[in-house]
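Contents: one structure, followed by commentary.
No lab work stands behind these numbers, since they all come straight from the coordinates. Values in this document were obtained by computation on a predicted structure and should not be read as measured data. Here the Cβ positions follow ideal geometry from the backbone for every residue, glycine too, while neighbour counts run over all protein chains shown.
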Amino acid sequence: MNRREQHVPGDPASAGGSGSSTAKSRPVFADALHARLDTAGARVRQECSHLDHVEAVASEYLMAARPPRVCD
């Protein structure tokens, strides 16, 4: 069996047929895209968590800075 008859994963020359290398690269591209989206999603969740913390600290600060109510 020569090299042209063997399919080598990731090698478009061994995939055979026109257009099949594009079809085979789509899942790889989709996996890479999903990985990047997962990473971006994790960053967004981290930033939101940080912003929630900042909001809580700011709220505590504002409550502490508020002058006491005087009852008439």
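In the frame of its principal axes, region 21-65 has Cα extents of 65, 8, 6 Å, reported largest first.
Approximating the spin labels as points 7 Å out from Cα along Cα→Cβ, the residue 39-to-residue 60 distance works out to 3.4 nm.
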